[in-house]
Amino acid sequence: MKDKLIIFDTTLRDGEQSPGASMTRDEKVRIARALERMKVDVIEAGFPAASQGDFEAVQAVADAIKDSTVCGLARALDKDIDRAGEALKGARSSRIHTFIATSPIHMQKKLNMTPDQVIEYAVRAVKRARQYTDNVEFSPEDAGRSEEDFLCRILEAVIDAGARTLNIPDTVGYSMPQQFGATIANLIQRIPNSDKAIFSVHCHNDLGLAVANSLSAVMNGARQVECTINGLGERAGNASLEEVVMAVRTRQDFFNCDTGLDAREIVTCSKLVSSITGFPVQPNKAIVGANAFAHESGIHQDGVLKNRETYEIMRAEDVGWTTNRMVLGKHSGRNAFKTRMAELGVDFAGEAELNDAFFRFKQLADKKHEIFDEDLQALISEQGFEAEDEHIKLVALKVCSETGEVPNATVTIRVGGKEMTGCAQGGGAVDASLKAIESLVKTGATLALYSVNNITNGTDAQGEVTVRLENAGRIVNGSGADTDIVIASAKAYINAVNKLQSPDQRQHPQKGDV
């Protein structure tokens, strides 16, 4: 029998560290349920010690998830370990993932600790974590630039202390596949008690090699891969879950292991994460991009028509491309709507929340002939944000854009319980609308990104707009969806402003002092 390759998804933790990708508690639970349906083995839900909001999000995921292991990240500090243990109390299966830096530059410049002190902290952290769960993972941060002899010392010590998963991170995406694979093989061979632990890898994509490095590690004995949906993550991102899973599954002639994932849920989960975070998937992205199974070349089209395998090494339906349409319209009833939402992992808190969502669905159905799952995910994301965090709300928008004339916009927003109206001119309808909003909210923020994507196909498709605002070192993403792209832009800008004014600023886990 082939070995089991454990999939450890860190979309909710490392993926959330992408600038502007913060998720609310309810959004984390929605994504966690989608990961659970996909049969992900371990879901890293967050860093409980980072903030009260992150603690509550990890706690909510732990309470909601039954079939996957829920993991919390913690530095090698007693207070972090205890916070993680408390957040994970409700989990049916829990894991604490603790880490400390082991590269010379990190130990000297960041930690100001000797190698012996680092080992002492690591062992103490693992032993403390074992008081809360038998499932403890340890990571030597920046292992890719650490000395191999020291890695052997510290990993042997934490195994003796009770760690049962050893994660080797390429924290800055510096490794080459052959080099990284050899490192994993050497560690497994050199560490006397390596047979008592599962070796894992966590690769960043700074040089575009995260998936290649992860697969090289698997070929050399790693049996857990840490990855994210769509490769989401800080800087250039992490190893992409969908690429790792489908590479191993497609090349079973090459790999002596396989995952237990239901790959048919990949596309749905990808679109959910994209909708919630506001990070669109590039069209030519492997597996989940809109063009991943499209054939433009006449030669390719002819070959596929004669035999699919001439140019396709995977079936689109095997990763979920044919299962994402909702056959409902404006005549569909509330029960059908509720049932489909449950299938998408959305559970309503009560009748009022269901009624609000169904009302929004009916409004959308009046504008669109066909409703897709992506439309529903955008609808629920918008509703969830309004319910929890919306202080500023779009009330009305009127724009005038005419050939030969300067476009202008009049916008009315509600701030708290007070309505305010502002006007502005701009280079276009969108520019004028955003300037009108800014004249009222006066954030002084810089618009660092403006992106438009169609959620589905067709001229009546909803447009999804993502904006990124920067102000005083803080970066937030806002997203909005509507069949009118100008309204979607206004919604996205207001969404970002609300986040910018939110008091919840989560601490980056790797910036804390140890």
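The values are calculated or read from the model by the stated rules, or taken from the named source; none is laboratory data. Predicted model, so just to flag it, every value in this text is computed and none were measured. Note: ideal-geometry Cβ built from the backbone for every residue, glycine included; neighbour counts use all protein chains shown.
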Self-check item: Candidate set: segment 440-481, residues that are out of contact with any strand residue (DSSP E or B) (no Cβ under 9 Å at 6 or more places or on another chain) and part of a loop (DSSP other than H, G, I, E, B); chosen: the one modelled with the highest pLDDT
Solution: K442
Practice problem: Those residues that are assigned to a loop (DSSP other than H, G, I, E, B), out of contact with any Cys (no Cβ under 8 Å at 6 or more places or on another chain) and hydrophobic (A, V, I, L, M, F, W, C), I need them from segment 1-37; list them, please. | Solution: M1, L12, A21, M23
Quiz item: How about segment 49-61: which of its residues are over 19 Å from G233 (Cβ atoms), modelled with pLDDT of 95 or more and touching a Lys or Arg at 6+ places or on another chain (Cβ under 7 Å)?
Solution: A49, F55, E56, A60
Quiz item: Any idea which of V225, V172 is surrounded by fewer than 24 Cβ atoms within 10 Å (Cβ to Cβ), touching a helix residue (DSSP H, G or I) at 6+ places or on another chain (Cβ under 8 Å) and of a type in the set (A, V, I, L, M)?
Solution: V172
Quiz item: In this structure, is F180 assigned to a loop (DSSP other than H, G, I, E, B), farther than 20 Å from R13 by Cβ and touching a helix residue (DSSP H, G or I) at 6+ places or on another chain (Cβ under 6 Å)?
Solution: no
Quiz prompt | Number of the exception - I276 against (1) touching a Ser or Thr at 6+ places or on another chain (Cβ under 6 Å); (2) in a loop (DSSP other than H, G, I, E, B) | solution = (2)
Practice problem: Would you mention how many residues in segment 70-99 are outside any strand (DSSP E or B), touching a strand residue (DSSP E or B) at 6+ places or on another chain (Cβ under 6 Å) and surrounded by 19 or more Cβ atoms within 10 Å (Cβ to Cβ)? | Solution: 7
Quiz prompt | In segment 124-158, residue modelled with the lowest pLDDT [restricted to those that are within 21 Å of G181 (Cβ to Cβ), part of a loop (DSSP other than H, G, I, E, B) and of a type in the set (D, E)] | solution = D142
